[in-house]
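Here the structure comes first, spelled out in structure tokens, and everything after it is commentary.
Derivation of every value follows stated rules applied to the coordinates shown; laboratory data play no part. On a predicted model such as this, the values are computed, not experimentally measured, just so you know. Cβ atoms come from the backbone with ideal geometry, glycine included; neighbour counts cover every protein chain shown.
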Amino acid sequence: MRREWDDRARLNARHYIADGQSRWSDSEFWRSGEANVAETVLTDMINICQGKNPKEMRVLELGCGAGRVTRALAQVFGEVHGVDISEEMVQQARTALGQLTNVFIHHGDGLTLKVLGDLRFDFAYSCCVFHHISSYEVIASYVAEAGRHLEPGTLFKFEVQGCTTLKTTLGDTWLGVPFSEQQAREMAERAGFELRYHVGGGEERFWLWYFKRSN
């Protein structure tokens, strides 16, 4: 996965991050990240912040790529940490966002979040990432790792592939494994979360609200 995403990043990172068009200008690319955050974060601040001031929150983004969404999150929250498996994507994100003092980009190992050390977070988010992973075990590992770094009661909001009729092949780094509602609920329980809401079951973008249990 690291090798193939490094190759995609070198070839045309912005297209593979947001494949709605083959060529993105700087302004279009960053606006697309702002649109994602406006749609899936700013409309959900009650669940995300739970009374906290967003400017005092530390946020984790899994699969940050070249920083498209990271940059938009940094406009809302006090501190944003992005993790990605691709060293090439990480380098591009660090170059693009280097002037933002509240952004930290980490190169992950593709299975755990050891790179974050003992950091704790008030919210975790992932967009356009897990539906590229063809292993339930890898996704479950990431979810459990996110839970380990979240404060009790806080939210991990993310999307998975929800089209359960889709046929995927283990090792594919573009077409991810599909989740049913039951599979999503079971994964939440195993990782110490409560699946409180979900939208888009049976569709490509199946959004899940995982709240970290207090015990």
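Here is how the number arises for the chain: DSSP H runs of 4 or more residues each give -39500 (n - 2.57), the sum is divided by the residue count, and the result at 222 nm is -11000 deg cm²/dmol. Each Lys and Arg Cβ is given +1 and each Asp and Glu Cβ -1; about its Cα centre, region 10-169 then shows a dipole of about 140 debye.
Start at zero, step by 5 Å, and the Cα-Cα distances of region 1-138 spread as 2, 10, 20, 24, 21, 15, 6, 2, 0 percent across the bins.
Each residue in VAL80, VAL129 was given a count of other beta-carbon atoms within 10 angstrom of its own, and listing them fewest first yields VAL129, VAL80.
Between GLU39 and ASN215, take the C-beta separation as r, use R0 = 25 Å, and let me know the FRET efficiency to the nearest 0.05. Before the final figure, lay out each step's value.
Numbers: r = 33 Å, r/R0 = 1.32.
Approximately 0.15, to the nearest 0.05.
Students often check this: by mean Cβ neighbours within 10 Å, which of 28-36, 50-58 ranks highest, and how do the rest follow? It would help to have the intermediate numbers written out before the result.
Numbers: 28-36: 17.0, 50-58: 13.4.
In decreasing order of mean packing, 28-36, 50-58 become 28-36, 50-58.
Across SER25, SER141, SER86, mean-square fluctuation computed from a Gaussian network of the chain (C-alpha pairs under 10 Å connected) peaks at SER25.
Work out the P(r) tail for region 78-199: percent of alpha carbon pairs separated by more than 19 Å, whole number. Distances greater than 19 Å cover 50 percent of the Cα pairs.
Taking the Cβ of HIS81 as the center, what net charge do the other residues with Cβ under 10 Å away carry, scoring Lys and Arg +1 and Asp and Glu -1? With Lys, Arg at +1 and Asp, Glu at -1, the net is -1.
From least to most packed, judged by other beta carbons within 10 angstrom and beginning with the fewest, VAL90, VAL160 follow the order VAL90, VAL160.
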